[in-house]
1. Restricting the search to the stretch A:400-414, which residues are open to solvent by less than 10 Å² (accessible area, probe 1.4 Å) and modelled with pLDDT of 90 or more?
2. Which pairs have Cβ atoms under 7 Å, sit 6 or more apart or on different chains, and link a residue in the stretch A:820-841 that is open to solvent by 70 Å² or more (accessible area, probe 1.4 Å) to one that is not in a loop (DSSP other than H, G, I, E, B)?
3. Sort through A:Leu469, A:Leu477 and tell me the only one that's open to solvent by 30 Å² or more (accessible area, probe 1.4 Å), in the same structural domain as A:Gln353 (by TED's automatic domain parsing), at negative phi and in a strand (DSSP E or B).
4. Kindly evaluate B:Phe97 against the criterion of being within 16 Å of ligand 2 (Cβ to nearest atom) and more than 10 Å from the chain's Cα centre (by Cα).
5. Mind checking which residues of the stretch B:78-103 are surrounded by fewer than 20 Cβ atoms within 10 Å (Cβ to Cβ) and within 12 Å of ligand 1 (Cβ to nearest atom)?
6. Could you tell me whether any residue of the stretch B:25-39 is more than 7 Å from chain A (Cβ to nearest Cβ), within 10 Å of ligand 1 (Cβ to nearest atom) and open to solvent by less than 50 Å² (accessible area, probe 1.4 Å)?
7. Which one of A:Ala184, A:Ala175, A:Ala231 is farther than 30 Å from B:Lys10 by Cβ, open to solvent by less than 50 Å² (accessible area, probe 1.4 Å) and more than 10 Å from chain B (Cβ to nearest Cβ)?
8. Do you know which residues across the stretch A:487-525 are in a loop (DSSP other than H, G, I, E, B) and without any contact (Cβ under 8 Å) to a residue 60 or more places away in the chain?
Amino acid sequence: MPSSEKERRAKRRSRDPSPSRGQQGGCWDWSCPEMRRRLEELYFREQDYIRAGSEDSRQFWAFFGRLQRFQTLKAKGEPAVWAPPARADPSAAPGLAGLPREYDPCYRINLSVLSGDVEGLARGRRGGPRQGPGVPAEQRSQFRAALLHYLDFAQKQSFAKLAKLQRERAALPIAQYRDRLLRAVAQNQVVVVAGDTGCGKSTQVPQYLLAAGYSHVACTQPRRIACISLAKRVGFESLHQYGAEVGYQIRFESTRSPATKIVFLTEGLLLRQVQREPALPGYQVLIADEVHERHLHSDFLLGVLRRLLPARPDLKLVLMSATINIRLFAGYFGGAPVVQVPGRLFPITVVYQPIPQEEALAASGKPERLDPRPYLRVLQAIDHKYPPEERGDLLVFLSGVAEISAVLEVAQAYATHTQRWVVLPLHSTLSIAEQDKVFDMPPPGVRKCIVSTNIAETSVTIDGVRFVLDSGKVKELSYDPQAKLQRLQEFWISRASAEQRKGRAGRTGPGVCYRLYAESDYDAFAPYPVPEIQRVALDALVLQMKSMGLGDPRTFPFLEPPPQSSLETAVRYLREQGALDRAESLTPIGSLLAQLPVDVVIGKMLVLGALFGLAEPVLTMAAALSVQSPFLRPTRTNPDCATARRPLESPHGDPLTLLNTFNEWVQVKSERAGSSRKWCRLRGLEEHRLYEAANLRHQFQVLLRDHGLLEPVQGPRDSYARQSRHRERRELHRLRQRHEETGGRTRKVLRLQEGEAGSSSDEGASGTGPSGVDIQDVKFKLRHNVDELQAASGTALSSHQFALLKLVLCRGLYPQLAVPDQYNSCRKDSDQIFHTKNKQGIVLHPTCVFASSPELLQATEEKAEPGRSRGSQEGLSSRHQLLAFVSLLETNKPYLVNCLRAPALQALLLFSRALDTSADCTRLVADSWLELCVPDSGAALRLLSTALQLRAAWEGLLNRQLEGRRGEPGHRPDPREVATLRQGLLEFLQQKVQYSLRRLTALEKQNCYVGPQTVAAAPGLPGLFQGAEMTPDEEKGGYRVAEFLTYNCLASETDLYSDCLRSFWTCPHCALYMPFTPMERMSHESSCRPRPQEAPLEEAAESSAKATALQRPYHCDACERDFLFTSTEILRHRKQHQ
Amino acid sequence: MDSHKEAQPKGDFECQLCGLTAPYSYYGQKPPNTHSVVLLEESYVMKDPFIPDKDKFLILGSQCSLCNRRVCVGTECSLFYSKRFCLPCVNENLREFPLEIRQDLEKRKSHSKSHPSKKADART
Ligand SMILES: [Zn+2]
Ligand SMILES: [Zn+2]
């Protein structure tokens, strides 16, 4: 109760003398806090049913106030309830004989309270009744009577809830089918339950199965949020009060325990379980819910289960679906029986309002902007037709965020004018607090207008919607397997989606659905949406199939097979990425990647980072790249965000900006508890995504540890630290429990103008419990070892580590590379374009650091010497850069998302799958699309042969690391070799060689190679490339020197004979001076090269994996050495130099 | 010492009149962990599932003091007037009850006729 009201009431009471006051002659004031406190001391003690200061006691006093007023209203003269008659002992007389003749409401209460004085009396302890600090007997008995009434009232209230719950369950359409369903499940291995929105299948079927004696039930859901809410709901309905019989399990959270009888989990998670235990021995019944949504995981899961069923004849499978395409599912499982349940929707009137031809034409001049007028007309029509007292909100379905802002703008202007609407956007890139507003209530006489993407079609259910406005459009990612490109395109929705959208208007009462298309359009819609498996990249799927031993994905009996080309692209991609070998079997790295629930490139980074002791920053980046970007769209109203973000931006690229952001956030969290939310808000960051990244990071860390790629953590060593950590955790647990008891977020009443720019009121309100505790922060601290995280994120990387880190990222991302267009320096900042091997004319995503600072990518930083002739020297630089990117996204334009810059020559020499050279190696072609010309042939040869050695060493160490991860430390990579490789890579990166970089033209690509030659004999040059066998390349011509290197296969007029031409050369190692052909020179150099210098042992030992969790690699610039130090050790070390 | 023992389900309570079924964890007059509260009849009790506090209990029902039927505390099935009586028994012995109770029953009867049970909200 708001305190102001309390005060008003107290005043009123003191003005109007209540009967009880009258009787007492004014010496007792019920509203006086001191009087109340005295009573609480007597009756609400620590051991009592109601405790002083609790929520319960507040409710009691509110009840007490109501009771007093009720008594006042009651006819005067009647005996007040306050004074109960002396009780007859009810058990004294049997049957009706002992009924009190004189009626009193007190006789209707079936409980009693032994408290304070009474208890003392009853037990005869502590020397008889306590007098209490001045509470007269009459008030005591009045209070006691009120207390009994209150307890009785609370009992009635809870019992009414219980009865209502059971009534509702029985009234659900599915309840009628309970027995039929259970019979079908008993008699068949697979049963399909088909029922529409509101039939109750998701909540009831699991309970029916439990009640019928099944246990170990798993129910899969496409969405994490549904797992949580269903577990809550089912737990609530089944009144489970004896621990966790109903639980859920999602990516980062589990409430599962040995007592759990039913668990709600995501499809992806169940698939991971199949991967570990193919027969799923832990389950007796599997329920696959919402299979009609046809998510990738759902389709695949059905395929896996179909294979599993014959091996597990005791396993039951229940498929649950809307009444969409039921025959497909039943047929896939050999004609499984279908239990069809009618939905329960109120009637919905459909109004077709196609956009008039002339208006559509006028708008088509600017196809990128949606015309909001037809939408506004519907708002007006509703205002015109329905009086404001008739409640009911409007839900508008649009295809995307741009469309939402177009409609929002005019709708908000209209709302301001009429004062009859609160307009709110809803899409997944909004902050959680903004999303939650759609659940709040509008003030009386005002409707909510929620302008949403198709997120509100199935994922988010908003009560109180009476009107639906359907644009008929959806934007979906479609996948172009050739360009390996995700495209966000606008489509007409399917009839099934249109019906789903319509249904949202009829959940709580009859509704109206406005469709901005013609009925004939509707009839022409596809019946169902395109299943996800037919429109997304299948890399992860194929990888998972391989690791499950499901054989050739091309022949797997899918529910509906994906396009063959998508499968081929996925297989090819996995081979390129080194996850599959030539025979399409999993490589060691591939089998590890299959267990990481992330994109292949990100998984590769994790493995690569572990080798160089860069696990901590790589874990962070991999996690941050795997969740939605925490950077919210810059809003016009808040230009300060951009300024505040600037210090976080890295000139090297977005992954490093994410690293900075995460690290900074962790520091803020650990240093200034509770202020991280504000810190995020000022920078336009969605903190929730940082929490997700922290969770994912932890998961990666555990996975890497499980696979022996990271050392296990050691807990705090001294007992003091352990104890204080323990104490802290106990306090956090208490906070969380308090939060849960008070129920978390409650619905608020929206203000008019809510959602309008500038008025957003999420000033840290959501997620804050009544006590002002940031519950997300509490959960974060419970889940993570903050000290460890802080140590990991608090140390700055040395320049060497930084260079290696970029190299690791780049190797992970390879071959996702883009090259700047050669004319970029003449273009405006925003018009910079880039090319990948398969796709031309790509732009940078606006959030990319290089979009705002394109000069970072320019190679022509070296002062062009005046007077130096351009011409053949044009384009020469030692600073050409490539962009490695995480993904390619096409909306209205193709965008590079999450870019990192890398030195072009070094990256290509180290990572290209195919490197082709001319005879003198001054011309190199990488992966048949990028040409590098290094005029200094000596330098070219030197770089090439270094790259060859580095690649061999790196590959060897990586393989040893992956093979040795099964626990035997003897198989671990030799730390000395790792240190040598580190050193070699760093030196390689520092090479400054002038070269040019360009894409080959289509014609050049065609005539790139000399082709097979008639001279078949390999040149007799033993020792070239360290004894690599040289075989003539049958396709390109020239000689294969290594898997990735083909020597002298490039067609060119000038170097036809160059491989025979000898020139004088001095070997830098043995000072031999004589004429060599380029190949002889390479051969000599590689055989003459001294053994790679061994890194000093000390350093080697330091970089071995003995690091404790708090140690971080540290490079001291003063003594130019790398160490593994804790934060305090770093300080100590620094002091030495002062 | 841990005084808060987790209640174990003892079985299902089922009202013999309306069929309401719920698991109960205690039968008697002194539910565990409720200290100062005692019940005036032997009752079937569960932890109140609607209140997070685990010491709050909910009385489901008890036996009719006349016919020994197990009945829930719902007003459609029974009433308490110093003892528990199922409604069939009350109706048989209406005269034995005070006027207030008879009026109350009469009111309830006409009320439930004019207001059929409310609609339940839909869920998938
Ligand atoms: Zn009953
Ligand atoms: Zn009876």
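1. Let us first name the residues in the stretch A:400-414 that are open to solvent by less than 10 Å² (accessible area, probe 1.4 Å), namely A:400, A:404, A:406-407, A:411.
Residues satisfying the conditions are A:Ile404, A:Val407, A:Ala411.
2. The qualifying pairs are A:Gln822/A:Arg998; A:Asp829/A:Pro854.
3. Working: A:Leu469 fails: open to solvent by 30 Å² or more (accessible area, probe 1.4 Å).
Step by step, each of A:Leu469, A:Leu477 is checked, and only A:Leu477 is open to solvent by 30 Å² or more (accessible area, probe 1.4 Å), in the same structural domain as A:Gln353 (by TED's automatic domain parsing), at negative phi and in a strand (DSSP E or B).
4. Working: within 16 Å of ligand 2 (Cβ to nearest atom): yes; more than 10 Å from the chain's Cα centre (by Cα): yes.
Criteria met by B:Phe97.
5. Scanning the stretch B:78-103 gives B:Leu87, B:Pro88.
6. Residues of the stretch B:25-39 that are more than 7 Å from chain A (Cβ to nearest Cβ), as a first pass: B:25-33.
Of the ones still in play, those that are also within 10 Å of ligand 1 (Cβ to nearest atom) are none.
No, every residue in the stretch B:25-39 fails to be more than 7 Å from chain A (Cβ to nearest Cβ), within 10 Å of ligand 1 (Cβ to nearest atom) and open to solvent by less than 50 Å² (accessible area, probe 1.4 Å).
7. On the way: A:Ala175 fails: farther than 30 Å from B:Lys10 by Cβ; A:Ala231 fails: farther than 30 Å from B:Lys10 by Cβ.
The match here is A:Ala184.
8. First pass over the stretch A:487-525, keeping only residues in a loop (DSSP other than H, G, I, E, B): A:493-494, A:504-510, A:516-518, A:525.
Those that are in a loop (DSSP other than H, G, I, E, B) and without any contact (Cβ under 8 Å) to a residue 60 or more places away in the chain: A:Ile493, A:Ser494, A:Phe525.
The values are calculated or read from the model by the stated rules, or taken from the named source; none is laboratory data. What you see is a predicted model; the values in this text were computed from it and never measured. Reconstructed Cβ throughout: ideal geometry from the backbone, glycine too, with neighbour counts over all protein chains shown. Surface accessibility is based on the protein's heavy atoms, side chains included, excluding ligands, DNA and RNA. Shrake-Rupley method; radii C 1.70, N 1.55, O 1.52, S 1.80 Å.
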